[in-house]
1. Can you give me the long-range amide H partners of A:SER27? Hydrogens built in the peptide plane at 1.01 Å from N, cutoff under 5 Å, separation of 5 or more residues or another chain.
2. Can you list residues whose amide H is under 5 Å from A:LEU155's amide H, if they're 5+ apart or on another chain and H is modeled 1.01 Å from N?
3. Treating the protein assembly as shown as a set of equal point scatterers at the Cα positions, no solvent, please give the Debye-formula log₁₀ I(q)/I(0) at q = 0.10 Å⁻¹.
4. Other chains near A:85-94: what is the mean number of their Cβ atoms within 10 Å of each residue's Cβ?
5. Post the alpha-carbon centroid distance, segment B:286-312 to segment A:239-274, in whole angstrom.
6. Kindly provide the helix-only [θ] at 222 nm of chain B, computed as the sum of -39,500 (n - 2.57) over DSSP H runs of four or more divided by all residues, to the nearest 500 deg cm²/dmol?
7. Test of understanding: given chain A, find the longest segment containing no GluC sites (Glu not before Pro) that are in a DSSP loop and have at most 14 other Cβ atoms within 10 Å.
8. How long are the semi-axes of the equivalent ellipsoid of chain A, defined as square roots of 5 times the Cα gyration tensor eigenvalues? Whole Å, largest first.
Amino acid sequence: MKKPIVEIKNLNKSIKGKHIIKDLNLSFYPGQITGFIGPNGAGKTTTIRMMTGLMYPTSGEIIIDGHSMKNHFEDAIRHVGVIVENPEMYKYMSGYKNLQHFARMHEGVTKERIDEIVRQVGLENRIHEKVKTYSLGMRQRLGLAQALLHNPKFLILDEPTNGLDPAGIREFRFYLRKIAEEQDISIIISSHMLGEIEQIVDRIAIIQNGELIDIRELHQETISQYYIEVAQTDELQAIIGERPVKPYEKGFIIDIEKPEVPALLRALHEENVDVFSIHPVQQRLEDQFIEMTGGGAIDAIH
Amino acid sequence: MRYIKNEWIKLWSQKTAWMLTIFLCLLVVGVGAVTKYYEKPLTTPEDRRNANQAELDNYQSLVNDPAIPEEELSFYREEILKLEYRIANDLLPASEMGFDTFMDMGLQMSLALGAMFMIVIAASILSKEFSTGTIKMLLTRPVARWKILLSKLVTVFIFGGFVIFIGAVLTAILGFLFWGSDTVGSLTIVNGAVVQENMTDSYMNLILYSIPSIILNTLLSFMLGAIFGSSTLAVGIALLIAFLSNTILYFIAKYEFAKYLWFANDIRQFMPGSTPVIEDLTLGFSMIVCIVYAIVFVVVTFLHFQKRDVTA
Ligand SMILES: Nc1ncnc2c1ncn2[C@@H]1O[C@H](COP(=O)(O)OP(=O)(O)O)[C@@H](O)[C@H]1O
Ligand SMILES: [Mg+2]
């Protein structure tokens, strides 16, 4: 495993006697996209505010790129790009002036770099207009541009899909995947809706009530359930024998490993069973997530 | 430096800074134009001599009047000396507007309004970043918080200096256009002889003696803006204190603690020709009080900003 770019150690935060973040330990690695998932009020934004120096931990430590956030703030934050909640830009200036403004706060962001990032987020036609004329989607793009301006090694996005349409979300996923792979950036995306980000993340960290309750890597290839729809169901039953199987819509879901699938299809063919459809079933993370965090109560936990 | 540039650009990208500057310019032009329009010009040396002579005759008759008490006589005699000096040097009568008196008035206006504008900008330059949420974009950069705060404070002072400078230059240009080289002159009697004050010195005095209270009011407003996070409240309190300080002082001057308040130690009261509100104040004491308050305001502002959690 690569060396982590960010380490959070025993992080605690209390506000007005309320323990909001409880002993959080978490590391982030280059090239990896982590989903930071938890119901509203779980403490995602609070954790992110501490990772970016907006809030100070009550105890614990945050180390970014080898620098302690507390003692060497400027060095620690230098390689971080972030959008906390909604990107708030200076509405009375153009998008371009906003980017110039933030560029002045980093070392070595050239005019060429600004132009490049404007093109990458697809704002070149409107960048010289005032931000107050922008749609929510355009503001999100500008927010992404300011976060990526200085080529950060660690990108933090807090609920970034808020206000994006489905096409925008798809484009956004593609773009993040690309920069994570090409530039070896570590990305953390927080969301209260797993469904919106499960297709893009490599692993998820689940937080609830300020506690980290699960971290898991997602391996999309280890699917072990398939949906199959055939004309002769009795013959199918005979062929699959003892395997667990349950009826689902017009067919069945069977537990079967990927390497066994061709053999099954050959057997069906030999028995003259007509196969209409067979495809892998992802066990939906969303279901697991809801199971873990208590289903319908997710918005009302304190 | 780059951070000050950022603040400067943001300041002038908003309407407030423009409106305030334009307001001052319009006021200077307006006052100049109105004065010029209603004045009966004394353009020739004869006009000026006649006007001065008329006043001189008036004082002469007063001095010769036996009903006038002795203590007033010395005042009239001094006025007569000054009027004779005016006639000899072809100066305008003291009641007229000339280049120098207009310059003095314009400077006073620019300083008073400039001070007020600095209070307004100082209160809003930080709190506006909080109310719009842009503060989180600003503080998640590799720039320590104190540097951002300092760049904002410096920007307020540059803005104030700039506005006052614009007002002064505009006054000088208008004064020259309207009154040319006609001067009224400010005369004083020293050891029985008439002395004409050097105008440049008196402008410099006006500016120098005004600076401490401008700085203190700005720092106070900046501190209130940083603590309350609301520019309205900060502007309100700071302007109230700036405007009502004399009224407040009038009521509390009799208490001992009053002389330890910063607004009781306005350095302007030590300008030549003024007397302090609280009698036993000295320039040195007031300077020290001002400096102590300035340090307190700055330290409180920076400590508070450095320590606070930003949830905007
Ligand atoms: N400034 C604050 N004062 C008091 N409580 C706060 C403050 N900020 C956040 N909280 C509380 O902390 C918890 C976590 O909030 P937050 O981090 O915004 O959650 P999330 O981003 O996961 O929705 C919530 O219960 C919220 O009420
Ligand atoms: Mg949140």
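The values are calculated or read from the model by the stated rules, or taken from the named source; none is laboratory data. Every value quoted in this text rests on a predicted model; they were computed, and no experiment measured them. All Cβ positions, glycine included, derive from the backbone under ideal geometry; neighbour counts span all protein chains shown. What goes into the accessible areas is simple: the full protein's heavy atoms, side chains included, and nothing from ligands, DNA or RNA. Shrake-Rupley method; radii C 1.70, N 1.55, O 1.52, S 1.80 Å.
1. Residues meeting the amide H criterion: A:ILE8.
2. A:GLY81, A:SER186, A:ILE187, A:ILE188
3. Results for the protein assembly as shown at q = 0.10 Å⁻¹ read -0.99.
4. On the way: counts 3, 2, 4, 9, 4, 11, 3, 5, 4, 1.
Across the residues of A:85-94, the mean count of other-chain Cβ atoms within 10 Å is 5.
5. The two parts, judged by their Cα centres, are 75 Å apart.
6. Values: 10 runs with 227 residues, N = 312.
The per-residue figure over chain B is -25500 deg cm²/dmol.
7. A:1-106
8. After diagonalising the Cα gyration tensor, the semi-axes are 43, 24, 18 Å.
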